[in-house]
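Peer 1: Okay, handing you the structure first.
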Amino acid sequence: MDRKTLIPFALAALLAAAGCTRSDTRSQPKAADSPAKSSAAQPGLTIGETIPMANREMKSVNGSMVSIASVKGEKGTLVIFTCNHCPYVKAWQDRTVSLANQALKDGFGVIAINPNDPAAYPEDDFEGMVIRANAQKMNYPYVMDATSEVARVFGATRTPEIYLFDASDHLVYHGAVDDNARSAKDVSEHYLRDALNAVANGEQIAKPETRSVGCSIKLRKVGAGS
């Protein structure tokens, strides 16, 4: 087997080890793709719906208790479901953190939420979150969804998965960061950047919903962590 043949096998093995499903390997969503579907038991938020569980307090990496409502910005609120271990989170993290830090400067509230069960992936524990937040220089709260209940109510299924709400707390964008997880220089559609700019300028978002691509969220069992 030559080197070109080995590379896809190596990537598939890495993703499998990280808990990503076969569908997770589609790292280049297209405009024609439908959004990622949530489970029938918990349908995902639809565009126009308001922020659920906005007052639920979650522990931030700095030790404080933070809710989505408490970080709300004048222009709106950016909610990022993420984790520490996922290869897709890592591939997008420089772009995600840069956009989120800039969004803060532009008047948005920002919160990153880790809903994963560390029993499934120890790297996703609170200590790992502290390390990641410091290493990535996140200027916004990175919190633990200790029961995975917030993710369930949102209908989030992937890490990373983006939800952008406007100043009136209505969902205006949901989906991926951009259309190429593997290569920042090859991005052709900057979904999140364009959505943030549109909201900041009072304009309509061209693509309010895109496919969420990444590793499946490892939800905690109901009742755990409460």
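Peer 1: From the list LEU164, LEU192, which one is crowded, with 17+ Cβ neighbours inside 10 Å, under 18 Å from CYS86 (Cβ atoms) and touching a strand residue (DSSP E or B) at 6+ places or on another chain (Cβ under 6 Å)?
Peer 2: Of the residues listed, the single one that is crowded, with 17+ Cβ neighbours inside 10 Å, under 18 Å from CYS86 (Cβ atoms) and touching a strand residue (DSSP E or B) at 6+ places or on another chain (Cβ under 6 Å) is LEU192.
Peer 1: Let me ask something additional. Within the range 109-127, track down each residue that is under 16 Å from the mean Cα position of the chain (by Cα) and not aliphatic (A, V, I, L, M).
Peer 2: GLY109, ASN114, PRO115, ASN116, ASP117, ASP124
Peer 1: Continuing with this model, one more query. What pairs come out if I take residues in the range 111-126 that are without any contact (Cβ under 8 Å) to a residue 24 or more places away in the chain and β-branched (Val, Ile, Thr) and pair them with residues that are surrounded by fewer than 17 Cβ atoms within 10 Å (Cβ to Cβ) and assigned to a strand (DSSP E or B) whose C-beta lies under 8 Å away, six or more apart or interchain?
Peer 2: none
Peer 1: So LEU219 fits all but one of (1) of a type in the set (A, V, I, L, M, F, W, C); (2) out of contact with any strand residue (DSSP E or B) (no Cβ under 7 Å at 6 or more places or on another chain); (3) part of a loop (DSSP other than H, G, I, E, B); (4) farther than 24 Å from THR46 by Cα; what number is the exception?
Peer 2: Unmet condition: (4).
Peer 1: Does ILE113 meet the test of being closer than 18 Å to MET58 by Cα, of a type in the set (A, V, I, L, M) and crowded, with 23+ Cβ neighbours inside 10 Å?
Peer 2: Answer is yes for this residue.
Peer 1: OK, next. Condition check: in a helix (DSSP H, G or I), touching a residue at least 24 places away in the same chain (Cβ under 8 Å) and surrounded by fewer than 18 Cβ atoms within 10 Å (Cβ to Cβ). Does VAL199 satisfy that?
Peer 2: Against the criterion (in a helix (DSSP H, G or I), touching a residue at least 24 places away in the same chain (Cβ under 8 Å) and surrounded by fewer than 18 Cβ atoms within 10 Å (Cβ to Cβ)), VAL199 does not qualify.
The numbers here are math on the coordinates, done by the rules we state, and not lab data. Remember, predicted model here, so these are calculated numbers, not experimental data. Using ideal geometry, Cβ is built from the backbone for each residue, glycine included, and neighbour counts are taken over all protein chains shown.
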